[in-house]
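The values are calculated or read from the model by the stated rules, or taken from the named source; none is laboratory data. Only a predicted model underlies this, so the values are computations on that prediction, with no experimental measurement involved. Every residue, glycine among them, receives a Cβ derived from its backbone with ideal geometry; neighbour counts consider all protein chains shown. Heavy atoms of the whole protein, side chains included, go into the accessibility calculation; ligands, DNA and RNA do not. Shrake-Rupley method; radii C 1.70, N 1.55, O 1.52, S 1.80 Å.
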Amino acid sequence: AAGVIQSPRHLIKEKRETATLKCYPIPRHDTVYWYQQGPGQDPQFLISFYEKMQSDKGSIPDRFSAQQFSDYHSELNMSSLELGDSALYFCASSTITAEAFFGQGTRLTVV
Amino acid sequence: AQKITQTQPGMFVQEKEAVTLDCTYDTSDQSYGLFWYKQPSSGEMIFLIYQGSYDEQNATEGRYSLNFQKARKSANLVISASQLGDSAMYFCAMREGLRSNYQLIWGAGTKLIIKP
């Protein structure tokens, strides 16, 4: 069965650079969520989209932005990267019903 | 106050034994959902099991079952016949309300290590 696809799997960037993370949800899922998980921490909700519109906003820094496109894929854009942005970034998708399925994550390292 | 509490930061369990991972939650919503996810060392977040607040029976998925005690606001995960591959972080999470889109509220996780 198709799963949530995230790219890239690993990304190394320098401070003050920009990064773009991509997420391709499970077909027919109308909602996409982004989470950030720091080392040894639980995931922190960043932002979500429902039917291509931003639906919820969590602890997303102003340096980050995200959007969902007409084909339902989503991109998380991160600018002026800081060392503290190093984390595992998860995308998840769901329908109106129960569980959200997560992608394998993008491990971002800022050096 | 913590919405999701996992009181066991880590657990060692002998292979083939059953294990119970604790999770208590706090919500004033009547409608909510409870989830368990497994995160192996490779990092991916794997959905295990879901329990809706109106579900009368405990959820089961293969070796996983959710011991849902609504009055006590607990949703413990039970893994029967543990295997070495069960070693991972386990997160309990909650969705509040019947929303078409939601953000999960996460517990701090329990690190489970299965001993051979």
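Of all residues in segment B:70-81 being in contact with a strand residue (DSSP E or B) (Cβ under 8 Å, 6 or more places away or on another chain) and open to solvent by less than 60 Å² (accessible area, probe 1.4 Å), which is farthest from B:ALA18 (Cα to Cα)?
Going through the qualifying residues, I end up with B:SER74.
Would you pick out the residues in segment A:28-58 that are open to solvent by less than 70 Å² (accessible area, probe 1.4 Å) and not in a strand (DSSP E or B)?
Of everything in segment A:28-58, those that are open to solvent by less than 70 Å² (accessible area, probe 1.4 Å) and not in a strand (DSSP E or B) turn out to be A:HIS29, A:ASP30, A:GLY38, A:ASP42, A:PRO43, A:GLU51, A:GLY58.
Provide a single number: the residues in segment A:25-60 that are touching a residue at least 40 places away in the same chain (Cβ under 8 Å), touching a Ser or Thr at 6+ places or on another chain (Cβ under 7 Å) and small (Gly, Ala, Ser).
0
Restricting to segment A:1-21, count the residues that are open to solvent by 70 Å² or more (accessible area, probe 1.4 Å) and either of a type in the set (D, E, K, R) or in a loop (DSSP other than H, G, I, E, B) (or both).
7
Yes/no per residue for (1) open to solvent by less than 30 Å² (accessible area, probe 1.4 Å); (2) within 15 Å of B:CYS23 (Cβ to Cβ):
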position: B:GLY43; (1), (2): yes, no
position: B:GLN51; (1), (2): yes, yes
position: B:ASN67; (1), (2): no, yes
position: B:GLN83; (1), (2): no, no
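Of the numbered conditions (1) touching a Phe, Trp or Tyr at 6+ places or on another chain (Cβ under 6 Å); (2) of a type outside the set (Val, Ile, Thr); (3) over 18 Å from A:PHE101 (Cβ atoms), B:LEU48 fails exactly one; give the number of that condition.
Among (1) touching a Phe, Trp or Tyr at 6+ places or on another chain (Cβ under 6 Å); (2) of a type outside the set (Val, Ile, Thr); (3) over 18 Å from A:PHE101 (Cβ atoms), the lone unmet condition for B:LEU48 is (3).
Just a yes or no: is a residue in segment A:94-109 away from every other protein chain (no Cβ under 12 Å) and either open to solvent by 70 Å² or more (accessible area, probe 1.4 Å) or modelled with pLDDT under 95 (or both)?
No; the residues of segment A:94-109 include none that is away from every other protein chain (no Cβ under 12 Å) and either open to solvent by 70 Å² or more (accessible area, probe 1.4 Å) or modelled with pLDDT under 95 (or both).
Sort out which residues of segment A:65-97 are among the aromatic types (Phe, Trp, Tyr) and on the phi > 0 side of the Ramachandran plot, and write them in order of number.
A:TYR72
Is it the case that some residue within segment A:45-53 is in contact with a Gly (Cβ under 8 Å, 6 or more places away or on another chain) and under 15 Å from B:GLU44 (Cα atoms)?
No, segment A:45-53 has no match at all.
Identify all residues within segment A:59-93 that are within 14 Å of chain B (Cβ to nearest Cβ) and either open to solvent by less than 30 Å² (accessible area, probe 1.4 Å) or in contact with a helix residue (DSSP H, G or I) (Cβ under 8 Å, 6 or more places away or on another chain) (or both); write none if there are none.
Passing the criteria: A:ILE60, A:ALA66, A:GLN68, A:SER74, A:ALA87, A:LEU88, A:TYR89, A:PHE90, A:CYS91, A:ALA92, A:SER93.
Mind checking which pairs have a first residue in segment A:6-24 that is under 12 Å from A:GLU82 (Cβ atoms) and a second that is open to solvent by 70 Å² or more (accessible area, probe 1.4 Å), Cβ under 6 Å, 6 or more apart or different chains?
A:GLU14/A:VAL111
Considering only segment B:27-51, state which residues are hydroxyl-bearing (Ser, Thr, Tyr), closer than 14 Å to B:PHE91 by Cα and assigned to a strand (DSSP E or B).
Result: B:TYR37, B:TYR50.
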